[in-house]
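The values are calculated or read from the model by the stated rules, or taken from the named source; none is laboratory data. All of these numbers come straight from a predicted model, not from anything done at the bench. A quick note on method: Cβ atoms are made from the backbone with ideal geometry, for glycine too, and the neighbour counts reach across all protein chains shown. These area figures cover heavy atoms from the full protein model, side chains too; ligands, DNA and RNA do not enter into them. Shrake-Rupley method; radii C 1.70, N 1.55, O 1.52, S 1.80 Å.
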Amino acid sequence: MLNTATTALLRAVLEEVCEGVSRHETGARTHVASKILEAATKGETSPDSLRQVGHEALSHAPTMWR
């Protein structure tokens, strides 16, 4: 289980990475969130590393236009 500070960090990183993604793009946002969470549960808590994971996930995220 992640602590409150880590959870807040994950939310902030998700929002930053997905700032240009519509809230209606739930597939893409979910994909990014799951990759960020996966990295955090493996011990990665550096904001820069989590952003990098998020941006990588976003570049491979499913969209309704593909």
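Laid out as a table, the results:
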item	result
Using alpha-carbon coordinates, inclination of helix 47-59 to the longest axis of the chain, degrees	20 degrees
The chain: relative contact order as a whole-number percent, Cα under 8 Å and 6+ apart	40 percent
Label-point gap, in nm, between Lys42 and His24 - each point 7 angstrom along Cα→Cβ	3.4 nm
Convex hull of Cα atoms in the chain, direction-averaged projection (nm²)	4.2 nm²
Sum of -39500 (n - 2.57) over DSSP H runs of 4+, divided by residues of the chain (222 nm, nearest 500)	-21000 deg cm²/dmol
Cα long-axis angle, helix 26-41 against the chain (0 to 90 degrees, to the nearest 10)	20 degrees
Nitroxide proxy distance, nm - points 7 Å out along Cα→Cβ at Ala5 and Gln52	2.2 nm
9 Å beta-carbon shell around Gly54, net charge (K/R +1, D/E -1)	0
The chain, accessible surface, carbon-and-sulfur percent (1.4 angstrom probe)	56 percent
